[in-house]
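Asks: Attaching a single structure in structure tokens format; questions to follow.
The values are calculated or read from the model by the stated rules, or taken from the named source; none is laboratory data. Please read these numbers as outputs of a predicted model, since none were measured by experiment. Heads up, the Cβs are rebuilt from the backbone with ideal geometry, glycines too, and the neighbour counts pull from every protein chain shown. We work out accessible area using only protein heavy atoms, side chains counted, and drop any ligands, DNA or RNA first. Shrake-Rupley method; radii C 1.70, N 1.55, O 1.52, S 1.80 Å.
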Amino acid sequence: MEKLNQHISLDDLVSLLKAAFEEKSYNIMSKIPKTDLHTHGLLSGPFGCYQRLSKAYIPPPPNHFGDFKEFNTYIIRELRPIIQANGLKGIRKLIKAGFERTASEGVIYTEMSFDISAMAAFDIPIDEFFNIIDEETKLIYPGLWVCPEIGLNRAQDPVDMFRYIEKAVGTGIFKSIDLYGDENIKISKGFIDIFNFVQSHGLKVKAHVGETGDADSIKKTVCNLNLDSVQHGITAANSPDIINFLAKRNIVLNMCPASNYKLGLIQKTEEHPLYDLFKKGIRITINTDDFTLFNTSICDELFNLKWKMGLKSEEIAQIIRYGLKEIPVR
Ligand SMILES: [Zn+2]
């Protein structure tokens, strides 16, 4: 078998997947090279890391959040105070925990976002935050290449955020940008300016859309921000026009089935629209989103594709390959 890197052949991927399924082996699954293209840096380690940083007991995340509001309330009430109380030292520990966990499940490449708007809100010196990200990504986490991503919340004032974005781009650390938050907030000209700016500096551009918003909002956002990839995009499945549009533009949808289920956007994992989109020729990838809160790894997700959604090993191998093809040449 050739080396297990992004150049692994489809046949080798299929045989490893078949072995993992036959033996129900997490160990074999974790040896398969894979990517995580939709993951939020401070929420990517095990929940226990927050508990260790906290002086008091924290109620663990529920198995199912009723909705977005409940999800946000949990983060604001239980996790944010821990970040604030521990400052940069705690942030480094959380980043380390995320990198270690990601490497441990055989991810070889990740685009991990770091919320610079939250840092501004926490009064955390942004230069020191950038230094930590830079230092940690330079450390060796077995086989893992981390490409830090600028995380930006729609709730922030883009005009106000522009100086942070300029600073972030200036460091040369960040290779992509992702916009997230409440999809009801309109994307104003300020965000378009930010996206044009980062794209002119060679960064990949992504946004959360079509998670709660409708299919049309996906097309609008892809066009307005000239997106390379979409985070989620599950509602694309409701519109043949949008599916055609995404296929023509070769847009990748970075999906997170466990997140969609645990936030109540789908009623059952079995009902996730990813298989439908895949069969219609959309390039989809499988990702963790917020491991701290959902406790579902990519290995777990790959098992779910087979056992809950009924995909064949050959199809799952193709989905893994869509992710591996996103790895830049270096
Ligand atoms: Zn996300």
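Asks: Quick one: dipole size for the chain, taken about the Cα centre, charges +1 on Lys/Arg Cβ and -1 on Asp/Glu Cβ, in debye to the nearest 20. All intermediate terms of the calculation are to be shown ahead of the outcome.
Replies: Numbers: 39 positive and 42 negative charges, 59 e Å.
Taking the Cα centre of the chain as origin, the dipole is about 280 debye.
Asks: Continuing with the same structure: Measure off, as a whole percent, the carbon and sulfur share of the 1.4 Å-probe accessible area of the range 146-255, all protein chains present. Mind showing how you got there, number by number?
Replies: Numbers: 2090 of 4450 Å².
Carbon with sulfur: 47 percent of the solvent-accessible area.
Asks: Right, another one. Can you pick out the pairs among Lys138/Lys167; Lys206/Lys325; Lys262/Lys325; Lys206/Lys279; Lys18/Lys279 whose Cα atoms lie more than 26 Å from each other?
Replies: Lys262/Lys325, as the Cα separations exceed 26 Å there.
Asks: With charges only on Cβ, +1 for K and R and -1 for D and E, what is the dipole size of the range 110-211 about its Cα centre, in debye, rounded to 20? Could the numbers behind the result be given before it?
Replies: Working: 9 positive and 17 negative charges, 80 e Å.
Computed about the Cα centre, the dipole is about 380 debye.
Asks: If you take every DSSP beta bridge fully contained in the chain, what fraction is antiparallel? Give it as a percent rounded to 5. Please list the in-between numbers first.
Replies: Numbers: 0 of 33 bridges.
Percent antiparallel among DSSP bridges in the chain is about 0.
Asks: Shifting gears a bit: Would you give the gap between the C-alpha center of the range 65-87 and the C-alpha center of the range 196-250, rounded to a whole Å?
Replies: That distance is 28 Å.
Asks: OK, next. ³J(HN,Hα) across the range 21-37 via Karplus (A = 6.51, B = -1.76, C = 1.60, θ = phi - 60°), whole Hz, x for Gly/Pro?
Replies: 6, 4, 8, 6, 10, 5, 4, 5, 4, 6, 8, 6, x, 8, 10, 9, 9
Asks: Step through the residues of the range 168-174 one at a time and calculate ³J(HN,Hα) from phi using the Karplus curve (6.51 cos²θ - 1.76 cosθ + 1.60, θ = phi - 60°), rounding each to whole Hz and writing x for Gly and Pro.
Replies: 4, 5, x, 5, x, 6, 8
Asks: I've got another one for you. Please list, in order along the range 66-78, the HN-Hα scalar couplings obtained from phi with the Karplus expression 6.51 cos²θ - 1.76 cosθ + 1.60 (θ = phi - 60°), rounded to whole Hz, x for Gly and Pro.
Replies: Once rounded to whole Hz, the list reads x, 7, 4, 4, 5, 4, 5, 4, 4, 4, 5, 7, 9.
Asks: I'd like to check one number: the per residue accessible area of the chain, probe 1.4 Å, reported in Å² as a whole number.
Replies: Numbers: 14290 Å² over 330 residues.
So the chain comes to 43 Å² accessible per residue, rounded to a whole number.
Asks: What does the convex hull of the alpha-carbon atoms of the range 172-330 project to on average, in nm²?
Replies: Details: hull surface 39.0 nm².
Computing the convex hull of the Cα atoms and averaging its projections yields 9.8 nm².
Asks: Lys/Arg Cβ at +1, Asp/Glu Cβ at -1, dipole of the chain taken about the Cα centre: which of Ala237, Phe191, Thr73 is farthest positive-ward?
Replies: Ala237
Asks: Calculate the length of the line joining the C-alpha centroid of the range 171-192 to that of the range 1-49, in whole Å.
Replies: 29 Å
Asks: Would you mind giving the average projected area, over all directions, of the Cα convex hull of the chain in nm² with one decimal? Don't skip to the answer; put the middle values down first.
Replies: Details: hull surface 62.5 nm².
Computing the convex hull of the Cα atoms and averaging its projections yields 15.6 nm².
Asks: Take the eigenvalues of the Cα gyration tensor for the range 1-106, scale each by 5, and report the square roots as semi-axes in whole Å, largest first. Intermediate results must be reported in sequence, preceding the final value.
Replies: Details: eigenvalues 236, 53, 29 Å².
Whole-Å semi-axes of the equivalent ellipsoid: 34, 16, 12.
Asks: So for Ser188, Ser113, what's the accessible-area order with a 1.4 Å probe, most first?
Replies: Values: Ser188 45, Ser113 5 Å².
Largest accessible area first, the list is Ser188, Ser113.
Asks: Shifting gears a bit: I'm checking a number: the convex hull volume of the Cα atoms of the range 214-297, normalised per residue, in Å³. What is it? Write down the numbers at each step before the final one.
Replies: Details: hull volume 7.7 nm³, N = 84.
Enclosed volume per residue, from the Cα hull, is 92 Å³.
Asks: Could you grab the Rg to Rh ratio for the range 18-175? Cα atoms only, Kirkwood for Rh. Walk me through the intermediate numbers first.
Replies: Numbers: Rg = 16.8 Å, Rh = 17.0 Å.
On the Cα set of the range 18-175, Rg over Rh gives 0.99.
Asks: Between Glu135 and Ala120, what is the label-to-label distance in nm when each label sits 7 Å out along the Cα-to-Cβ direction?
Replies: In this crude spin-label approximation the distance works out to 2.5 nm.
Asks: Relative contact order of the range 10-324: what whole-number percent is it, with Cα pairs under 8 angstrom and at least 6 residues apart?
Replies: Working: 546 pairs, mean separation 66.9, N = 315.
Once normalised by length, the contact order is 21 percent.
Asks: Here's a follow-up. For the range 164-209, what is the convex hull volume of the alpha-carbon atoms per residue, in Å³? Numbers along the way, then the final one.
Replies: Working: hull volume 3.3 nm³, N = 46.
Residue-normalised Cα hull volume stands at 72 Å³.
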